[in-house]
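Q: One structure, as structure tokens, below. Some questions next.
What follows is calculated from the coordinates using simple rules that are stated; it is not laboratory data. Because the structure is a prediction, the values reported are computed rather than measured.
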Amino acid sequence: DLGSNYVKEADLEPSTTEYEVGGLTAGEYWFKVTQVDAAGNESEGAITKMILAETGPEMIGLLLLSLGLGKVVTRRRKK
């Protein structure tokens, strides 16, 4: 729903600098991080979008193509 609705995933300690979300499949995900003060007031928060690519034959082909192009560019610079 492009970030219109969120499901609470976890409560984090104030000193937390990283959080890993597991069990995600390829696709588009929207994340929102908010703070709640002692009185229970929630901040507006920060929203970010992440796209997880599928791994498979296409990604392997892209990697090989990238390595091949890297070698061509490197050879041209050495000459």
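Q: Per residue of region 11-22, what does 6.51 cos²θ - 1.76 cosθ + 1.60 with θ = phi - 60° give for ³J(HN,Hα)? Whole Hz please, x for Gly and Pro, Karplus curve as stated.
A: So the J values, rounded to whole Hz, are 9, 10, 6, x, 8, 5, 10, 9, 8, 9, 9, x.
Q: Here's another thing I want to ask about it. Could you run the Karplus curve 6.51 cos²θ - 1.76 cosθ + 1.60 with θ = phi - 60° over region 26-41 and give me ³J(HN,Hα) per residue in whole Hz, x for Gly and Pro?
A: 4, x, 9, 10, 10, 10, 10, 10, 10, 10, 10, 7, 4, 7, x, 7
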